[in-house]
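The values are calculated or read from the model by the stated rules, or taken from the named source; none is laboratory data. All values derive from a computational prediction rather than experimental measurement. Ideal geometry is used to build each Cβ from the backbone, glycine not excepted, and the neighbour counts take in all protein chains shown.
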Amino acid sequence: MKLYTNRYAPSPRRVRMYAAEKGIALELVEVDIAAGETRAPDYLAVNPFGEVPTLERDDGSRLTESLAICRWLEERTPEPNLFGRDAAERAEVNRWIDRLMFRLYVPTTHVFRHTHPFWATRLTQVPLWGELERAAVLAEYDALDRWLTGREYLAAGRLTMADIVAFVAIDFGKPSGLRVDATRPALARWYEALKARPSARA
Ligand SMILES: N[C@@H](CCC(=O)N[C@@H](CS)C(=O)NCC(=O)O)C(=O)O
């Protein structure tokens, strides 16, 4: 199976980190977002939304959206389980994924798009919006720090997709100056543990 990906982008990183944890081999096809390759006709023929990741299965069919890709892979390769083994675990993992996407990942992308020089010539930046979203992200870091106090992982007492979603979102804050440090000790301990996993370099 092929994964159309980009080494700097968070959405395909979610899939690469997930696949590395599962031991699923994917042939990586690098798509250069900065050079405009996601918007080029060749790639729009692969993914009409002009985004990475796209999974191309061995029969040539394709699937987009990072979480849908991971859920599909999970059905084919259930172990090691990363989405929950029973209804209670799946509910816990999924409520975290939903929350993290809306309250952590999307606001983090807004900080990047509205405050980082990379975007200055690419979109109309609203720096005040970026700063408001920065405050929202930091409030979510506080909430995560409280939750992780006394817990090793976000859900189910083991590594799950929730941890991968959170880790990738937090790392994506770095270019915008968002950092996890000793002022949030439980979150920092969890972050360093995730960062030490080989999958973090996938
Ligand atoms: N919901 C999608 C989001 C995909 C997405 O936004 N991809 C970004 C990179 S993180 C992209 O390909 N951007 C290319 C562009 O805007 O040209 C997913 O989770 O896969």
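Key figures for this structure:
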quantity	calculated
Sole residue being within 18 Å of the chain's Cα centre (by Cα), assigned by TED's automatic domain parsing to the domain that holds S11 and β-branched (V, I, T), chosen from V106, V31, V93	V31
Failed item, numbered, when D59 is tested on (1) more than 14 Å from the ligand (Cβ to nearest atom); (2) out of contact with any helix residue (DSSP H, G or I) (no Cβ under 9 Å at 6 or more places or on another chain); (3) modelled with pLDDT of 95 or more; (4) closer than 24 Å to F172 by Cα	(4)
All positions within region 53-72 that are part of a helix (DSSP H, G or I) and surrounded by fewer than 20 Cβ atoms within 10 Å (Cβ to Cβ)	L67, A68, R71, W72
Pair list, Cβ under 7 Å, 6 or more apart: region 162-187 residue among the aliphatic types (A, V, I, L, M) and surrounded by fewer than 22 Cβ atoms within 10 Å (Cβ to Cβ), other residue at pLDDT 95 or above and outside any helix (DSSP H, G or I)	A186/T149
Only listed residue being surrounded by fewer than 16 Cβ atoms within 10 Å (Cβ to Cβ), free of Cβ contacts under 8 Å to residues at least 12 places away in the same chain and of a type outside the set (S, T, Y), chosen from G36, G50	G36
For N81: the one exception among (1) more than 9 Å from the ligand (Cβ to nearest atom); (2) in a helix (DSSP H, G or I)	(2)
Segments classed as helices (runs of 4 or more DSSP H), wholly inside region 96-202, with at least 1 members that are of a type in the set (K, R) and more than 27 Å from C70 (Cβ to Cβ)	127-148
One residue from V106, V52, V111 being within 20 Å of M1 (Cα to Cα), within 16 Å of the ligand (Cβ to nearest atom) and aliphatic (A, V, I, L, M)	V52
Qualifying residue in region 72-83 (condition: modelled with pLDDT of 95 or more, closer than 17 Å to V168 by Cβ and in contact with a strand residue (DSSP E or B) (Cβ under 7 Å, 6 or more places away or on another chain))	no
Leading residue by the ranking (nearest to the ligand (Cβ to nearest atom)) among those in region 14-30 that are part of a helix (DSSP H, G or I) and among the hydrophobic types (A, V, I, L, M, F, W, C)	V15
Qualifying positions in region 38-60 - under 16 Å from L28 (Cα atoms) and either over 16 Å from the mean Cα position of the chain (by Cα) or of a type in the set (F, W, Y) (or both)	T38, Y43, V46, N47, E56, R57, D58, G60
Evaluation of R122 against (1) without any contact (Cβ under 8 Å) to a residue 24 or more places away in the chain; (2) under 15 Å from V168 (Cβ atoms); (3) in contact with a Lys or Arg (Cβ under 9 Å, 6 or more places away or on another chain); (4) of a type outside the set (S, T, N, Q) (one fails), failing number	(2)
Test for L128: is it within 19 Å of A9 (Cβ to Cβ) and exposed (fewer than 13 other Cβ atoms within 10 Å of the Cβ)	no
Of all residues making up region 131-161, the number that are touching a Ser or Thr at 6+ places or on another chain (Cβ under 9 Å) and without any contact (Cβ under 8 Å) to a residue 24 or more places away in the chain	1
Count of region 31-48 residues which are within 12 Å of the ligand (Cβ to nearest atom) and not in a loop (DSSP other than H, G, I, E, B)	6
